Structure formats: C-alpha cells, structure tokens
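Report on one structure; see the data block that follows.
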Amino acid sequence: MRPEHAATGRPARRSREEITAAAIAIADREGLDAVSMRRVAADVGTGAASLYRYVETREDLLDLMIDATGAEYGFPAPTGDWLADVLAIGDQARAIMRRHPWLPSLLITRSVLGPNGLVLLEHVLAALAPHPASTAAKLEAFAMLNTVTALFTHNELTGGSQRQQRNAAYLQHALATGRHPRLAELLAPAAADPGPAPDPTDRYRDIMARILTGLLAPQPPA
C-alpha cells in the first residue's frame, strides 16, 4: 500500500521486486541471519542508505520475502473434492518451504497477508466452496493449513526424524523401568508389531486431513 519508492531524491533505479528477490537468494544460500539491509544493498549494487528508499526496515523486507514465495503456487481449477484440493495446496506449500528452508520459521512467527497471500486464500476458499461450513470455519481451516504445514516442514528440516529416534530410544528405556504402566499398556501393540516406518508425506496428509475434517465438521447445537 506504500509508494514503490521514496517520492523525493533521485529517480528510482531499483524495484521492491528486485530487492526482495535478492534477499530471498541470500536466505536460500546462507540462511535468514545473513539477510541484512547492508548485505542486500550490496547484492543489488547500491548503498544501504539507498535501500531504505524502497524498504523502510528489515522487518518489512521479511514480510515482502514471505509474500513473494506465494507466487510459486500453481492453482488448477477445483475438482469438487474439497479435501483433495486443499491437501494438494498443502503439498505445494511443503515443496515451497523445502525450496526456502528459512520460510517455515517465519510463517510460524509472522502473520503476513499480502497480494500473493490473498490469491492463495482465494483459491483455498474456492476449493472449500462445496463444503457447507461457515465462512469463519473456512478461514480457521486456512489458518490451520498454513500453520500446521509450516510446523510439520520446520520439524522435517531441522532434524525431526533424528530427534524422534532419540525420543523413541529414551521411551523404551523409561518403559522398561515399570514406572509408566498406562503408557506401556497403550504402546504394547505397537511394540509387538512396529511395522514399517510411516512415510512423512503420508503422515502429513493424514494429520492435515483429520484436522481439516474436524474443523469443518457441523457444530452441535448450543
């Protein structure tokens, strides 16, 4: 909603889009901590002071980076199967977050709605159009889709499987003490027949499907 660049001074030679793309490239290569106004200015060939004519703060730049990644979605026409369509959008979100490993942590901590975010919301609402749930419930479903997908992907990118293995080893050690009988009883069937390790993609889709189905289920009368 702000002017593309400061109204005073020399004519603009850069654009917010160019600056944002440079910041994303830095974050993709070196991580989010490497993104500073001085570093981005150097990569686009200008001085740090000049960069502030386009973007007032690093926080604003982070917001632009988040929204810019939303341009990477592709939106086929809804099929009429609302759950399949929304899960397909979630799959795209996970792929985008893997391409930009810094993105999940920003999405978890910063609630940003820009032009590309509105396009995403519009397509999620189009996918949910056949569902009789209220608008409020559909907006909650959109929020949960974004947040749970970011949390799931962040866990994957930060060694979640290794932590899970360590936790499982400790759990077996703790159960062997006999001090947790209810937990031991609950986990006995899985211990007897562990089966193959679940595929992370299948786990994501199953968990997300249950969350969405529960959120959009008819509410009991008050």
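Considering the conditions (1) at positive phi; (2) modelled with pLDDT of 95 or more, residue 125 is excluded by exactly one of them, (1). Considering (1) at pLDDT 95 or above; (2) open to solvent by less than 60 Å² (accessible area, probe 1.4 Å); (3) not small (Gly, Ala, Ser), the lone condition that residue 112 does not fulfil carries the number (1). Is it the case that residue 125 is within 23 Å of residue 219 (Cα to Cα), in a helix (DSSP H, G or I) and in contact with a Lys or Arg (Cβ under 9 Å, 6 or more places away or on another chain)? Taking the combined requirement at face value, the residue satisfies it.
Of the residues making up region 172-215, those that are outside any loop (DSSP other than H, G, I, E, B) and either open to solvent by 60 Å² or more (accessible area, probe 1.4 Å) or at pLDDT below 75 (or both) number 19. Close contacts from region 68-87, counting a first residue that is more than 28 Å from residue 17 (Cα to Cα) and a second that is open to solvent by 70 Å² or more (accessible area, probe 1.4 Å) and of a type in the set (Val, Ile, Thr), with Cβ to Cβ under 6 Å and a gap of 6+ residues or different chains, come to 85/79.
Would you confirm whether any residue within region 33-49 is at positive phi and within 19 Å of the chain's Cα centre (by Cα)? No, the conditions are met nowhere in region 33-49. With respect to (1) of a type in the set (A, V, I, L, M, F, W, C); (2) touching a residue at least 12 places away in the same chain (Cβ under 8 Å); (3) open to solvent by less than 70 Å² (accessible area, probe 1.4 Å); (4) over 29 Å from residue 2 (Cα atoms), the lone exception for residue 136 is condition (2). Of the residues in region 18-33, at least one is under 23 Å from residue 106 (Cα atoms), modelled with pLDDT of 95 or more and in a loop (DSSP other than H, G, I, E, B). Among the conditions (1) open to solvent by less than 20 Å² (accessible area, probe 1.4 Å); (2) assigned to a helix (DSSP H, G or I); (3) over 16 Å from residue 25 (Cβ atoms); (4) touching a Ser or Thr at 6+ places or on another chain (Cβ under 8 Å), residue 54 misses just one, which is (2).
The values are calculated or read from the model by the stated rules, or taken from the named source; none is laboratory data. All of these numbers come straight from a predicted model, not from anything done at the bench. Positions of Cβ are backbone-derived with ideal geometry, glycine not excepted, and every protein chain shown enters the neighbour counts. Ligands, DNA and RNA are stripped out before the accessible areas are found, and what is left, the full protein with its side chains, is counted by its heavy atoms. Shrake-Rupley method; radii C 1.70, N 1.55, O 1.52, S 1.80 Å.
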